Amino acid sequence: VAAGVPGGVPEARDDATVLWLGDAATGVISLIDQTRLPTEFVRIECRDVPAVWEAIKVLRVRGAPAIGVAAAYGAVLGARTGGLADAQAVRAALRDATTFLRTSRPTAVNLFWALDRMDRVAEAAPTLDGPALLGRLLEEAHAIAEEDRAMCRSIGRHGAELVQPGQGILTHCNAGGLATADYGTALAVIFSAHEQGKPVHVFADETRPLLQGARLTAWELQRRGVPVTLICDNMAAQVMKEGKVQLVVVGADRIASNGDTANKIGTYGVALLARAHGIPFYVAAPSSTFDLSLSDGSAIPIEQRDPREVTEGFGRTTAPVGISVYNPAFDVTPAELIAGIITERGVIRPVVAERIRAVLGADA
Ligand code: MRU
């Protein structure tokens with residue numbers, strides 16, 4: 001059970017995506033190993049920074065906000081390796097940890113946003129002794145998790161207003177509770193509409209090559225009793241043409257200041273299909289996913305992943321040995337294809353730099 005630090009202690013639940021168990025000096029991170037879903041629900045414990053880095057890298061924990069939460073707790077694990085008696089050693093170990101964790105995955109800006117927050121805690125409190133600093137760091141990581149929970153609930157409330165009873169809603173990848181501290185972003189919109197009693201039917205793209213849609217989104221929706229039909233990614237156009245989809249909502253990994261949005265590879269194609277069929281395409285994301293330092297999406301770093309995810313995903317070889325493979329994990333959807341961005345502060349619409357600044361304010 002999370003304890004040992006006053007204030008901001010998250011609710012301990014055994015289905016929470018990421019949890020801290022114990023106090024600052026001896027606690028561990030507990031997370032759902034998402035590579036094992038949907039056939040096995042297994043929690044693992046991360047006790048050091050390399051374990052957290054590995055968990056992020058291989059997608060045991062994934063989804064932009066969840067990566068940020070896990071990394072923040074990982075920074076606590078790292079900070080204490082310096083030995084608590086020496087505050088300077090705690091600071092140096094924290095810097096080493098955050099520097100290393102930044103190399104785990106490049107696209108989701110929540111990772112960098114969360115680690116910057118952890119670094120700022122140490123900078124803002126230069127006189128704290130080792131144990132007090134470590135306690136402050138754990139408090140900050142708990143705050144990041146708690147704020148994400150609250151933002152997701154708020155995204156759900158704002159987004160549900162866009163959903164009409166009886167609609168078919170298509171989503172891509174997984175932007176659910178597993179991808180956040182809890183409840184999700186794109187799926188929060190759907191969960192919230194469902195909880196309000198609006199009947200909806202979800203089409204979940206399976207999301208090649210790692211099948212986050214089939215393994216995770218379909219699992220989450222089924223678990224919450226939301227009607228869902230799984231489709232292969234290449235079926236979306238036909239499903240739209242048949243009139244089965246009235247709304248598209250997806251998550252985001254990084255949103256530039258003009259609204260260009262990086263999300264799971266295939267999202268851009270879905271946005272183009274939605275435009276061709278006259279279906280509104282929405283992005284749901286917390287303010288922590290915006291990167292206002294980038295003027296547009298062309299500067300968003302796109303992660304390139306192991307070709308074997310394409311040629312031998314899930315254990316079976318499905319392509320000739322030695323074949324050349326291109327495996328970008330994300331693409332960028334231009335702002336002009338996005339009807340609105342659903343944030344915890346309201347819906348940004350139209351998606352233009354001025355509206356983004358107006359809704360997010362200077363602190364984003
Ligand atoms: O590679 P992943 O599984 O981490 O990609 C996740 C996504 O693209 C999600 O849509 C995004 O992070 C938003 S999660 C609320």
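Descriptive notes on the structure:
- Residue that is farthest from GLY269 (Cα to Cα) [pool: residues in the stretch 307-330 that are surrounded by 15 or more Cβ atoms within 10 Å (Cβ to Cβ) and either over 29 Å from the mean Cα position of the chain (by Cα) or small (Gly, Ala, Ser) (or both)]: GLY313
- Pick from the stretch 306-320, criterion of a type outside the set (S, T, N, Q) and not in a loop (DSSP other than H, G, I, E, B), ranking: nearest to the ligand (Cβ to nearest atom): GLU309
- Considered as a group, the residues in the stretch 233-270 that are away from the ligand (no atom under 16 Å from the Cβ) and of a type in the set (S, T, N, Q) include one that is most open to solvent (accessible area, probe 1.4 Å), and that residue is ASN234.
- Residue check, GLY177 more than 20 Å from the chain's Cα centre (by Cα), open to solvent by less than 30 Å² (accessible area, probe 1.4 Å) and either within 14 Å of the ligand (Cβ to nearest atom) or farther than 28 Å from ILE144 by Cβ (or both): no
- Taking the stretch 276-305 as the range and being open to solvent by 10 Å² or more (accessible area, probe 1.4 Å) and in a helix (DSSP H, G or I) as the test, the residues that pass are ALA276, SER287, SER298, ALA299.
- For the stretch 17-28, taking the residues that are assigned to a strand (DSSP E or B) and away from the ligand (no atom under 16 Å from the Cβ), the one that is farthest from THR107 (Cα to Cα) is identified as GLY22.
- Output for the stretch 39-56, where each listed residue is under 25 Å from GLU303 (Cα atoms) and in a loop (DSSP other than H, G, I, E, B): ASP48
- Given (1) away from the ligand (no atom under 16 Å from the Cβ); (2) out of contact with any Leu (no Cβ under 6 Å at 6 or more places or on another chain); (3) open to solvent by less than 10 Å² (accessible area, probe 1.4 Å), index of the condition GLY130 fails: (2)
- Qualifying residue in the stretch 147-168 (condition: under 20 Å from VAL239 (Cβ atoms), within 11 Å of the ligand (Cβ to nearest atom) and open to solvent by 10 Å² or more (accessible area, probe 1.4 Å)): no
- Residues that are open to solvent by 10 Å² or more (accessible area, probe 1.4 Å), closer than 28 Å to VAL42 by Cβ and either assigned to a helix (DSSP H, G or I) or acidic (Asp, Glu) (or both) within the stretch 57-106 comprise LYS57, PRO65, ARG80, THR81, PHE100, listed in sequence order.
- Only one entry of ALA193, ALA285, ALA237, ALA262 meets the criterion of being farther than 30 Å from LEU115 by Cα, out of contact with any Leu (no Cβ under 8 Å at 6 or more places or on another chain), among the small types (Gly, Ala, Ser) and at pLDDT 95 or above, and that entry is ALA193.
- Enumeration of residues in the stretch 29-56 that are open to solvent by 10 Å² or more (accessible area, probe 1.4 Å) and either within 11 Å of the ligand (Cβ to nearest atom) or in contact with a Gly (Cβ under 6 Å, 6 or more places away or on another chain) (or both): THR35, VAL49
- Whenever a residue of the stretch 271-297 is among the aliphatic types (A, V, I, L, M) and away from the ligand (no atom under 13 Å from the Cβ), its partners that are open to solvent by 60 Å² or more (accessible area, probe 1.4 Å) and modelled with pLDDT of 95 or more, lying with C-beta atoms within less than 8 angstrom and at least six residues away or across chains, give the pairs ILE279/GLN246; LEU292/ARG357.
- Among (1) more than 9 Å from the ligand (Cβ to nearest atom); (2) open to solvent by less than 10 Å² (accessible area, probe 1.4 Å); (3) of a type outside the set (Asp, Glu) - the single one ALA186 does not satisfy: (1)
- Meets criteria (touching a helix residue (DSSP H, G or I) at 6+ places or on another chain (Cβ under 7 Å) and either modelled with pLDDT under 95 or open to solvent by less than 30 Å² (accessible area, probe 1.4 Å) (or both)) for HIS172: yes
- Some residue of the stretch 113-125 being at pLDDT below 95 and part of a loop (DSSP other than H, G, I, E, B): yes
- Scan of the stretch 251-275 for residues that are farther than 23 Å from GLU344 by Cβ and either of a type in the set (D, E, K, R) or assigned to a loop (DSSP other than H, G, I, E, B) (or both), ordered by number: ILE265, GLY266, ARG275
The values are calculated or read from the model by the stated rules, or taken from the named source; none is laboratory data. Remember, it's a predicted structure, so these values are computed and weren't measured experimentally. Note: ideal-geometry Cβ built from the backbone for every residue, glycine included; neighbour counts use all protein chains shown. With ligands, DNA and RNA removed, areas are computed over all heavy atoms of the protein, side chains included. Shrake-Rupley method; radii C 1.70, N 1.55, O 1.52, S 1.80 Å.
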